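Following: one structure in structure tokens, then a few remarks.
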Amino acid sequence: MKFTIIPYVLDLVFTEIKSLIIKQQYIPMETVDPQFMDYGSGVKTAESYENNLSEICQLAKEKKEQLLLVEYAPYFPAGQNLTGREEDKQAFANCYGMSPVTTWGRPENVQKAIDIHNEILLKVSKKEQIPYLDMSKKLPKHKVMYCDVCHLSEIGAQVFYKELACYILEKNLLSLVRKPLDSKAELIESGFFE
């Protein structure tokens, strides 16, 4: 018998016994565990978000694809203290599958993270010379527009797509006339499958 495995076996046995005694639960989907709420005040995704966004912009340029960056347009109802409780639903449209803001953390931290990500969107847009649509100025801040702070209701989605279409046409971001591909080989060469 090899003695080098004994510490690993003991650790495995100890971990299994501990899990049977403590009965650890899964992380809840509808809210952040209160013991972790304080960690949300520091936005840790800014650098990776900017790097990923910059890479997407570079890839679009390499492929000669048009890209449009659209600002996040959340709705935090004025004067409403969002708690994640049932009464929060009154501040939004009656949608199936609403997500309380506490799914992502404290409302002020969620707002802070969205603001930081929007600043990065604008910064990358300017740096990479990519068109930018400030959707938060286009969408009315009204409960009928939103299912929760981040997700649009059916009416909100209709306004969103109309504003998006108008912007694309206004800025002539799409060529309405595109040469059709003549063969499967041209489709492959075009990079369609990459």
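Things to note:
- Residues that are exposed (fewer than 10 other Cβ atoms within 10 Å of the Cβ), at pLDDT below 80, farther than 19 Å from Lys127 by Cβ and not aromatic (Phe, Trp, Tyr) do not occur anywhere in the range 38-46.
- Residues within the range 166-194 that are at pLDDT 90 or above and either in contact with a Phe, Trp or Tyr (Cβ under 8 Å, 6 or more places away or on another chain) or surrounded by 11 or more Cβ atoms within 10 Å (Cβ to Cβ) (or both), tallied: 5
- Qualifying residue in the range 25-35 (condition: more than 30 Å from Ile120 (Cβ to Cβ) and either open to solvent by 90 Å² or more (accessible area, probe 1.4 Å) or modelled with pLDDT of 80 or more (or both)): yes
- Among the residues of the range 108-132, the ones that are closer than 19 Å to Tyr146 by Cα, more than 15 Å from the chain's Cα centre (by Cα) and surrounded by 17 or more Cβ atoms within 10 Å (Cβ to Cβ) come to 0 in all.
- Ile56 passes every criterion in (1) outside any helix (DSSP H, G or I); (2) surrounded by 11 or more Cβ atoms within 10 Å (Cβ to Cβ) apart from (1).
- Cross-chain or 6+ apart pairs with Cβ under 6 Å, the range 153-176 first and over 18 Å from Tyr72 (Cα atoms), then open to solvent by 80 Å² or more (accessible area, probe 1.4 Å): Leu173/Gln66
- Candidates are the residues of the range 63-107 that are acidic (Asp, Glu) and in contact (Cβ under 8 Å) with a residue 12 or more places away in the chain; the one that is most open to solvent (accessible area, probe 1.4 Å) is Glu71.
The values are calculated or read from the model by the stated rules, or taken from the named source; none is laboratory data. None of these values were measured; they are calculated from a predicted model. Ideal geometry is used to build each Cβ from the backbone, glycine not excepted, and the neighbour counts take in all protein chains shown. When the accessible area is computed, the model is the full protein with side chains, heavy atoms only, and any ligands, DNA or RNA have been set aside. Shrake-Rupley method; radii C 1.70, N 1.55, O 1.52, S 1.80 Å.
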